[in-house]
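Data first, discussion second: the structure below is written as structure tokens.
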Amino acid sequence: MSIKLTEEMLSHLPDARGHFGAYGGRFVSETLMDSLMTLEREYLRLKKDPDFQAAFDKDLAHYVGRPSPLYFAERLTRETGGAQIWLKREDLNHTGAHKVNNTIGQALLAAFLGKKRIIAETGAGQHGVATATVCARLGLECHVFMGAEDVRRQSLNVYRMKLLGAQVHAVQSGTRTLKDAMNEAMRDWVANVDDTFYIIGTVAGPHPYPLLVRDFQSVIGRETRAQALEQAGKLPDALVACVGGGSNAIGMFYPFLTDESVQLYGVEAGGLGVETGQHAAPLAAGRPGVLHGNRTYLMEDENGQIAATHSVSAGLDYPGVGPEHSWLKDIGRANYVSVTDQEALDAFRKLTRVEGIMPALETAHAVAYTIKLAATMDPEQMVVINISGRGDKDIHTIAELDGIEV
Amino acid sequence: MSRITGVLETLKEQGRKALIPYITAGDPHPDQTVDLMHALASAGADIIELGVPFSDPMADGPVIQLACERALKHGTSLRQVIGMVKTFREQDQDTPVVLMGYLNPMEAMGYEVFADAAAEAGVDGILTVDLPPEEAEDVAPLFSRRNMDPIFLLAPTTTDDRIRAISEHSSGYVYYVSVKGVTGSAAIDVEEVGRKVANVHRITALPVGVGFGIRDADTAAAVGKVSDGVIVGSVLVDTIAHHQTDPAALRQALTDLLHPMREALDALA
């Protein structure tokens, strides 16, 4: 089933209580409700404030280095045979990923709200680095919660955060990955709600986070749309982005939702294969439930306990997904697919070798699916991959798999 | 009238305060939970809050997180917890039982199925930590219709308007969270709690139970003085953690903790 979306329909999403259809909402303990309502009220006011928007745009241009290029990957296209493959180069942003678009926006919000202490959760460490970066720049106290398993997998980013002045808290509870980092950040927030701003890194969490993170990340899709029209003379036929929580994907998709001709593909982490249960693909293999403040597709057991996930990429190793993606799946506007760890690793090598662009392992999932997809399309068609981050942080993981010590 | 309201009204007539212990179902082992519930009732519990273990207890500190992990290691499910209440009811028809937990296990079971099973087993109230009244419009009536009380949290950050709205959605009692923080965290500021609870009393006629930070007879008495009841959780769960292998010693240790609290509360009457 697919319905034609209009700007008018989108203007009501999320609704006043943060719902995208059956998804989203605000499922948190009472202590946080007042802060969330204040944040919502202030954000909706600042969203219309030209000074706030000007400050945001200025930072994106001069601090992040936007617009990021839309690059035609000629050699990858030739080797794949099929549609033209273009890359939206979010990896060229300051700090090396799309995450900074959002942390700039939320740090500005924190400043407007007078909060001096910042907390964040992180999986791969990209959001943690992006948060530590803006905190360094604004002189804010920064605490990053990171699963102990991810601290091990992403030691380079942990050190980057420390150099930037952040305190990194290794979370030992649960599965010691991103979901547990988010639990711990929520616990910290409850205890320090008066002076603390929680910069959530993805389009999940309680309302208004899915809304404001989507708004801040939509710059990706807006630029892509304008660049495609200018450079290729048309809109892309397909957009591909990896989906963990889904912030880079929603940022890419959102400005294209009403363009019916543009196919949208969100690529989840298939891990060892969706059929093995060892994956992080809630949209492909989960069901709706409630976690981390919102109703969305989740990986859970029959008793509603959240399932352990597996992905070679720490940033996709999460049992939930942003509620707007759940809605886009149900209405049939976006397609959600998955690729395995191995396919992602192969794509990492492929893009590195044929284009000289080393993608993050998260991003490599989108590259892997695009290679399959483009081969089925015509040469005059155009597919854009959101290259959401660069792969330097993953060199240790790749080397470990190769049996090399670096 | 619900069993909870009956108990709280009787206490009020006697000028006494409610003692409401919390334990996590399935901790240290599912086979012990019913026995521990009877022990709590014998030691003077007026109402029992029975925690439903969840994999991601975001509002809980390390003590209750670990209790959830122990219970889940033995596969304690929401259905089993309801079964424990049913077994408890075979010998105790008087002590109200409130299920306290997170929303997702209920959502996974299905709200209607859950409400039927809980009511049939003799559950008296439902407290869902991550379900504010705004999201409970479909769920709470399922409980009320089956004579189970939907119990909601109030926090130090709750505005007067919200206290009013939350109270309108609640029955039985409201649960005032005494500290900004997770369970088992900071020391409680009794004076501040007294002011806040007095404010809640101005806004609603519902009894106010106060939880978080009550560890012994002194804090129980101090908080009992300004509220209608005290909820004691982490200190009991911590005791369970220390007596995992000896059920008889555990029973005794829980009794030894609750007795002085009961006496201190009754000394206020």
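The values are calculated or read from the model by the stated rules, or taken from the named source; none is laboratory data. Source: prediction; values computed, not measured. FYI the Cβ positions are ideal-geometry reconstructions off the backbone, even for glycines, and counts take in every protein chain you see. Heads up: the accessible areas ignore ligands, DNA and RNA and are worked out on the full protein's heavy atoms, side chains in. Shrake-Rupley method; radii C 1.70, N 1.55, O 1.52, S 1.80 Å.
Per-structure values
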| item | result |
| --- | --- |
| Checklist (1) small (Gly, Ala, Ser); (2) farther than 18 Å from A:Asn386 by Cβ; (3) in contact (Cβ under 8 Å) with a residue 24 or more places away in the chain applied to A:Gly266, failing item | (2) |
| Cβ pairs under 6 Å, 6+ apart, first in the stretch A:240-259 and within 21 Å of A:Ser11 (Cβ to Cβ), second open to solvent by 10 Å² or more (accessible area, probe 1.4 Å) and of a type in the set (Lys, Arg) | A:Pro255/A:Arg222; A:Pro255/A:Arg225 |
| Qualifying residues in the stretch A:277-287 (those that are out of contact with any helix residue (DSSP H, G or I) (no Cβ under 7 Å at 6 or more places or on another chain) and more than 17 Å from A:Ala344 (Cα to Cα)) - the one most open to solvent (accessible area, probe 1.4 Å) | A:Arg287 |
| From the options A:Thr397, A:Thr376, A:Thr363, residue that is farther than 24 Å from A:Gln227 by Cβ and touching a Gly at 6+ places or on another chain (Cβ under 9 Å) | A:Thr376 |
| Those residues of the stretch B:225-240 which are within 16 Å of B:Val63 (Cα to Cα) and not in a strand (DSSP E or B), in sequence order | B:Gly233, B:Ser234, B:Val235, B:Leu236, B:Val237, B:Asp238, B:Thr239, B:Ile240 |
| Conditions (1) touching a strand residue (DSSP E or B) at 6+ places or on another chain (Cβ under 6 Å); (2) farther than 20 Å from A:Ser388 by Cβ: number failed by A:Cys242 | (2) |
| Among (1) surrounded by fewer than 20 Cβ atoms within 10 Å (Cβ to Cβ); (2) under 30 Å from A:Met382 (Cβ atoms); (3) touching a residue at least 40 places away in the same chain (Cβ under 8 Å) - the single one A:Ala61 does not satisfy | (3) |
| Residue within the stretch B:65-88 that is within 14 Å of the chain's Cα centre (by Cα) and within 17 Å of B:Val182 (Cα to Cα) present | no |
| Complete set of residues in the stretch B:1-50 that are open to solvent by 40 Å² or more (accessible area, probe 1.4 Å) and assigned to a helix (DSSP H, G or I) | B:Arg3, B:Glu9, B:Thr10, B:Lys12, B:Glu13, B:Gln14, B:Asp31, B:Asp35, B:Ser42 |
| Residue list for the stretch B:112-135, filter: of a type in the set (Gly, Ala, Ser) and without any contact (Cβ under 8 Å) to a residue 40 or more places away in the chain | B:Ala115, B:Ala117, B:Ala118, B:Ala119, B:Ala121, B:Gly122 |
| In the stretch A:9-68, the residues that are more than 10 Å from chain B (Cβ to nearest Cβ) and among the acidic types (Asp, Glu) | A:Asp15, A:Glu40, A:Glu42, A:Asp49, A:Asp51, A:Asp57, A:Asp59 |
| Filter pass, B:Asp60 being modelled with pLDDT under 95 and within 14 Å of chain A (Cβ to nearest Cβ) | yes |
| Tabulated pairs, the stretch B:52-70, first under 19 Å from B:Val85 (Cβ atoms), second charged (D, E, K, R) and not in a helix (DSSP H, G or I), C-beta under 7 angstrom, 6+ apart or interchain | B:Ala67/B:Asp27 |
| Residue check for A:Ala124: closer than 23 Å to A:Ile220 by Cβ, assigned to a loop (DSSP other than H, G, I, E, B) and modelled with pLDDT under 95 | yes |
| Given (1) outside any helix (DSSP H, G or I); (2) surrounded by fewer than 20 Cβ atoms within 10 Å (Cβ to Cβ), number of the condition A:Gly24 does not satisfy | (2) |
